[in-house]
1. Please build a GNM for the chain, connecting alpha carbons under 10 Å apart, and tell me which residue among T106, T60, T68 fluctuates the most.
2. Quote the charge dipole size of the chain about the Cα centre in Debye, to the nearest 20; the model charges only the Cβ of Lys and Arg (+1) and of Asp and Glu (-1).
3. Residues of segment 14-121: accessible area per residue at 1.4 Å, in Å²?
4. May I ask you to give the percent of accessible area on segment 1-109 that is carbon plus sulfur, with a probe radius of 1.4 Å?
5. Give the Cα extents of the chain along the principal axes, in whole Å, largest first.
Amino acid sequence: QVQLVESGGGLVQPGGSLRLSCAASGRIWRIYDMGWYRQAPGKQRDLVARSNRGGSTNYTDSVKGRFTMSRDNAKNAVYLQMNSLKPEDTAVYFCYADVGMGISSTTYSYWGQGTQVTVSS
(Lines give C-alpha, C1' and ligand atoms only; values in the text may rest on other atoms or scores of the structure.)
Protein backbone atom coordinates (compact mmCIF):
# COMPACT_ATOMS: atom_id res chain seq x y z
CA GLN A 1 0.00 0.00 0.00
CA VAL A 2 1.33 3.40 -1.03
CA GLN A 3 0.19 6.86 -0.08
CA LEU A 4 1.06 10.13 -1.77
CA VAL A 5 0.76 13.15 0.51
CA GLU A 6 0.69 16.60 -1.06
CA SER A 7 1.08 20.09 0.34
CA GLY A 8 1.62 23.65 -0.81
CA GLY A 9 -1.58 24.58 -2.59
CA GLY A 10 -3.47 27.76 -1.92
CA LEU A 11 -4.66 31.09 -3.24
CA VAL A 12 -2.22 33.33 -5.08
CA GLN A 13 -2.49 36.44 -7.23
CA PRO A 14 -1.59 36.37 -10.93
CA GLY A 15 2.17 36.57 -11.34
CA GLY A 16 2.76 34.98 -7.96
CA SER A 17 4.45 31.73 -7.03
CA LEU A 18 3.67 28.53 -5.19
CA ARG A 19 5.70 25.43 -4.42
CA LEU A 20 3.95 22.08 -4.26
CA SER A 21 5.43 19.09 -2.47
CA CYS A 22 4.57 15.42 -2.59
CA ALA A 23 6.06 12.55 -0.62
CA ALA A 24 5.30 8.89 -1.18
CA SER A 25 5.25 6.43 1.69
CA GLY A 26 4.38 2.80 2.24
CA ARG A 27 5.57 -0.38 0.64
CA ILE A 28 7.89 1.03 -1.98
CA TRP A 29 10.82 -0.64 -3.63
CA ARG A 30 11.39 1.95 -6.31
CA ILE A 31 9.47 4.79 -7.92
CA TYR A 32 9.87 4.99 -11.67
CA ASP A 33 7.88 7.82 -13.22
CA MET A 34 6.70 10.56 -10.89
CA GLY A 35 5.10 13.91 -11.52
CA TRP A 36 2.14 16.24 -11.46
CA TYR A 37 -1.21 16.45 -13.23
CA ARG A 38 -4.00 18.99 -12.87
CA GLN A 39 -7.74 19.08 -13.36
CA ALA A 40 -10.02 22.09 -13.60
CA PRO A 41 -13.78 21.76 -12.97
CA GLY A 42 -15.49 20.09 -15.90
CA LYS A 43 -12.16 19.31 -17.58
CA GLN A 44 -10.07 16.20 -17.97
CA ARG A 45 -6.99 15.56 -15.91
CA ASP A 46 -3.96 16.77 -17.86
CA LEU A 47 -0.23 16.39 -17.57
CA VAL A 48 1.73 19.22 -15.96
CA ALA A 49 5.17 17.64 -15.60
CA ARG A 50 6.49 14.11 -15.31
CA SER A 51 9.95 12.60 -15.03
CA ASN A 52 11.56 9.21 -15.03
CA ARG A 53 13.93 8.07 -12.32
CA GLY A 54 16.90 9.38 -14.24
CA GLY A 55 15.54 12.92 -14.14
CA SER A 56 14.39 13.38 -17.71
CA THR A 57 11.35 15.64 -17.35
CA ASN A 58 8.49 16.23 -19.74
CA TYR A 59 6.49 19.46 -19.33
CA THR A 60 3.25 20.40 -20.97
CA ASP A 61 3.79 23.35 -23.30
CA SER A 62 1.67 25.79 -21.30
CA VAL A 63 3.97 25.63 -18.26
CA LYS A 64 7.38 25.51 -19.91
CA GLY A 65 9.61 28.28 -18.63
CA ARG A 66 7.34 28.94 -15.65
CA PHE A 67 7.17 25.65 -13.74
CA THR A 68 10.09 23.55 -12.60
CA MET A 69 9.75 20.02 -11.28
CA SER A 70 12.39 18.32 -9.19
CA ARG A 71 12.75 14.89 -7.60
CA ASP A 72 14.48 13.52 -4.56
CA ASN A 73 14.61 9.78 -5.11
CA ALA A 74 16.09 9.13 -1.67
CA LYS A 75 13.02 10.73 -0.08
CA ASN A 76 10.52 9.42 -2.66
CA ALA A 77 9.49 13.01 -3.11
CA VAL A 78 8.66 15.34 -5.96
CA TYR A 79 8.27 19.12 -6.02
CA LEU A 80 6.73 21.64 -8.37
CA GLN A 81 7.92 25.23 -8.28
CA MET A 82 5.29 27.34 -10.02
CA ASN A 83 6.23 30.88 -11.00
CA SER A 84 4.43 33.57 -13.01
CA LEU A 85 1.12 31.94 -12.24
CA LYS A 86 -1.87 32.71 -14.45
CA PRO A 87 -5.61 32.37 -13.80
CA GLU A 88 -5.70 29.50 -16.27
CA ASP A 89 -3.39 27.57 -13.94
CA THR A 90 -6.27 27.29 -11.47
CA ALA A 91 -6.98 23.61 -10.89
CA VAL A 92 -6.65 20.75 -8.48
CA TYR A 93 -3.09 19.49 -8.74
CA PHE A 94 -2.45 15.77 -8.28
CA CYS A 95 0.78 14.01 -7.51
CA TYR A 96 1.39 10.85 -9.52
CA ALA A 97 3.78 7.94 -9.14
CA ASP A 98 4.47 4.63 -10.83
CA VAL A 99 5.68 2.35 -8.05
CA GLY A 100 7.54 -0.93 -8.13
CA MET A 101 6.79 -3.05 -5.08
CA GLY A 102 9.89 -5.22 -5.27
CA ILE A 103 8.04 -8.52 -5.54
CA SER A 104 7.70 -8.58 -9.30
CA SER A 105 8.42 -6.47 -12.35
CA THR A 106 4.89 -5.07 -12.22
CA THR A 107 4.40 -1.41 -11.38
CA TYR A 108 1.30 0.29 -10.02
CA SER A 109 0.00 3.80 -10.51
CA TYR A 110 -0.88 5.93 -7.50
CA TRP A 111 -2.44 9.36 -7.15
CA GLY A 112 -2.40 11.87 -4.35
CA GLN A 113 -5.59 13.35 -2.96
CA GLY A 114 -5.08 16.59 -4.85
CA THR A 115 -4.34 20.10 -3.67
CA GLN A 116 -6.24 23.17 -4.83
CA VAL A 117 -4.35 25.95 -6.58
CA THR A 118 -6.34 29.10 -7.22
CA VAL A 119 -4.86 32.02 -9.15
CA SER A 120 -7.07 35.07 -8.84
CA SER A 121 -6.91 38.78 -8.13
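1. Maximum fluctuation in the GNM of the chain, among the listed residues, is at T106.
2. 140 debye
3. Accessible area per residue: 52 Å².
4. Reported share for carbon and sulfur atoms: 46 percent.
5. Computed over the chain, the largest-to-smallest principal extents equal 49, 25, 23 Å.
The values are calculated or read from the model by the stated rules, or taken from the named source; none is laboratory data. None of the values given here were measured: they were computed from a predicted structure. We place every Cβ from the backbone using ideal geometry, glycine too, and count neighbours over all the protein chains shown. What goes into the accessible areas is simple: the full protein's heavy atoms, side chains included, and nothing from ligands, DNA or RNA. Shrake-Rupley method; radii C 1.70, N 1.55, O 1.52, S 1.80 Å.
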